Amino acid sequence: MNAIPRYRSHSGSALLSAGFRPFFLLAAAWAALAVPLWLAFFAGAGAVPTLLSPPIWHAHEMIYGYAAATVAGFMLTAIPNWTGRMPLQGAPLAGLAMLWIAGRLAVLLSADIGAAAAAMLDLAFPVAFVAVIAREIVAGRNWRNLPMVGALTLLLAGNALVHAEALGWSASSELGNRIGIATFLMLISLIGGRIVPSFTRNWLTRQRPDGSAPASFGWADRGALGATALALIAWIAAPEAAATAWLALLAAMAQGVRLARWRGAGTWREPLLWVLHLGYGWLALGFLLLAVNRVAPLLPATAALHALTVGAIGTMTLAVMTRASLGHTGRKLTAGHGTTAIYVLVTIAAVLRLLAPLAGAQYLLMLNLAGGAWTGAFGLFVVLYGPPLLTPRVAAVTVRAP
């Protein structure tokens, strides 16, 4: 996602000129709002107006609400590069964004509108999105990225399983959420494996032309992808099985080796790069915690889950959102103080969320501090990146990074 063709804004609207603009802004705003809303429900401040149980609603909205919007922004912006076709703009893009918003409201208010209406409204977005992406990839004969359609179809299926429980058809909401999390983690492994070493190599070449560069794609990468896929399939099917723990350990070691080959230590002077390595590192740590928890439960099972979600998914999506927003709006590809603060806040959120179960009587305090850091990170994204996302692209040489 280095660059996209510089198309003019459609009908004079910068917001609707490229997919990353509305979807990154919507994703960050929802992430900043949904977590404090969940914390209020958790503290007993009021009844949740949804048919989903509070924990299931929280997980569903982080996966199929927030994370799904970030993927939409990424793919709608990357696909013109992959296919050479015009990006989705104007009214069609607005319609897709409205479907996503309708889904968020429908799930939240499902106790009032009913499970069937909520399911139809919420699933309308992933159905339409799969259709759009499939059309673009097939029309552009971009067969290399056809697996992305498979990943989006998995997200649609996982979301449908959550709604199936709300409809009283099956006890499948936890399975549906695991499918969603696993799909996003595999996407991080696949897409991160492209962009992290590529961006690192480009930066290191400029900074130290004679220095060491990230290793090229090879046996370690193929092994890490295979081990990760096996571990995630096992976790979806049997999260408590001993075999799942061993596969998670194998995935953790393989991902650790892969990450070490990307020379992340040399990027410490550029937050826009080291945050990618940090986010990918959470992936390896999360798998390690999955394995360790099965053998010696030093931390609650939720520690591994939140290392993979708040840590890996939260950090990597923010890293991609900030970098893509800077590059595609004409800002310099370097992190300013505000962007660095976003990365620090999401890291604090992940660490505090992992440690909260160990805080004893201070559990709620730690939980709220973690939520505050998370909301701070995404709220700051909205404040800093909202203006660039709402206005036309500018000349990169004249505008500093937020």
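Entry remark, segment 342-371: residues being buried (at least 18 other Cβ atoms within 10 Å of the Cβ), in contact (Cβ under 8 Å) with a residue 24 or more places away in the chain and under 19 Å from Thr317 (Cβ atoms) number 11 in total.
Which one is surrounded by the fewest Cβ atoms within 10 Å (Cβ to Cβ) among residues in segment 150-175 that are under 15 Å from Ala59 (Cβ atoms) and under 17 Å from the mean Cα position of the chain (by Cα)? Per the criteria, the residue is Leu155. Scoring Val71 on the criteria (1) assigned to a helix (DSSP H, G or I); (2) in contact (Cβ under 8 Å) with a residue 12 or more places away in the chain; (3) over 20 Å from Phe378 (Cα atoms); (4) not small (Gly, Ala, Ser) leaves a single failure, condition (3). At least 3 residues being modelled with pLDDT under 95 and under 21 Å from Arg178 (Cα atoms) is the threshold, and among the helices (runs of 4 or more DSSP H) wholly inside segment 253-368 those reaching it are 271-295, 301-306. Here Leu276 meets each of (1) within 23 Å of Gly327 (Cβ to Cβ); (2) among the hydrophobic types (A, V, I, L, M, F, W, C); (3) surrounded by fewer than 22 Cβ atoms within 10 Å (Cβ to Cβ) with one exception, condition (3).
On the stretch given as segment 343-391, residues that are under 19 Å from the mean Cα position of the chain (by Cα) and of a type in the set (S, T, N, Q) total 2.
Residues checked against (1) at pLDDT 95 or above; (2) farther than 25 Å from Ala171 by Cβ; (3) out of contact with any Lys or Arg (no Cβ under 8 Å at 6 or more places or on another chain); (4) crowded, with 22+ Cβ neighbours inside 10 Å:
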{"site": "Leu39", "(1), (2), (3), (4)": "no, yes, yes, no"}
{"site": "Gly44", "(1), (2), (3), (4)": "no, yes, yes, no"}
{"site": "Ser53", "(1), (2), (3), (4)": "no, no, yes, no"}
{"site": "His60", "(1), (2), (3), (4)": "yes, no, yes, yes"}
{"site": "Gly65", "(1), (2), (3), (4)": "yes, no, no, yes"}
{"site": "Val71", "(1), (2), (3), (4)": "yes, yes, yes, yes"}
{"site": "Thr77", "(1), (2), (3), (4)": "no, yes, yes, yes"}
{"site": "Asn81", "(1), (2), (3), (4)": "no, yes, yes, no"}
{"site": "Leu99", "(1), (2), (3), (4)": "yes, yes, yes, no"}
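The condition of being farther than 17 Å from Val382 by Cα and more than 15 Å from the chain's Cα centre (by Cα) holds for only one of Pro49, Pro22, Pro36, that being Pro49.
The residues listed here are Ile191, Ile236; of these, the one that is under 23 Å from Ala134 (Cβ atoms), assigned to a helix (DSSP H, G or I) and among the β-branched types (Val, Ile, Thr) is Ile191. The residues listed here are Pro209, Pro147; of these, the one that is modelled with pLDDT under 95, surrounded by fewer than 18 Cβ atoms within 10 Å (Cβ to Cβ), within 30 Å of Arg135 (Cβ to Cβ) and not small (Gly, Ala, Ser) is Pro147. For segment 257-308, a tally of residues being aromatic (Phe, Trp, Tyr) and touching a residue at least 12 places away in the same chain (Cβ under 8 Å) returns 4. Being surrounded by fewer than 21 Cβ atoms within 10 Å (Cβ to Cβ), among the hydroxyl-bearing types (Ser, Thr, Tyr) and in a helix (DSSP H, G or I) is the requirement here; does Tyr385 meet it? Against the criterion (surrounded by fewer than 21 Cβ atoms within 10 Å (Cβ to Cβ), among the hydroxyl-bearing types (Ser, Thr, Tyr) and in a helix (DSSP H, G or I)), Tyr385 does not qualify. Under the condition of being within 19 Å of Met253 (Cα to Cα) and either aliphatic (A, V, I, L, M) or over 24 Å from the mean Cα position of the chain (by Cα) (or both), the residues counted in segment 192-213 number 1. Listed conditions (1) of a type in the set (Phe, Trp, Tyr); (2) over 15 Å from the mean Cα position of the chain (by Cα); (3) under 29 Å from Ala224 (Cα atoms) are all met by Phe184, apart from (2).
Please verify whether Ala182 is touching a helix residue (DSSP H, G or I) at 6+ places or on another chain (Cβ under 7 Å), in a helix (DSSP H, G or I) and under 16 Å from Tyr280 (Cβ atoms), treating the condition exactly as stated. Criteria not met by Ala182.
Taking only pairs six or more apart or across chains, which ones have beta-carbon atoms under 6 Å, a first residue in segment 30-49 that is on the phi < 0 side of the Ramachandran plot, and a second residue that is not in a helix (DSSP H, G or I)? Partner pairs satisfying both residue conditions: Phe41/Val48; Pro49/Leu109. Residues that are small (Gly, Ala, Ser) and over 18 Å from the mean Cα position of the chain (by Cα) within segment 279-302 comprise Ala291, Ala296, Ala301, listed in sequence order.
The values are calculated or read from the model by the stated rules, or taken from the named source; none is laboratory data. Remember, predicted model here, so these are calculated numbers, not experimental data. FYI the Cβ positions are ideal-geometry reconstructions off the backbone, even for glycines, and counts take in every protein chain you see.
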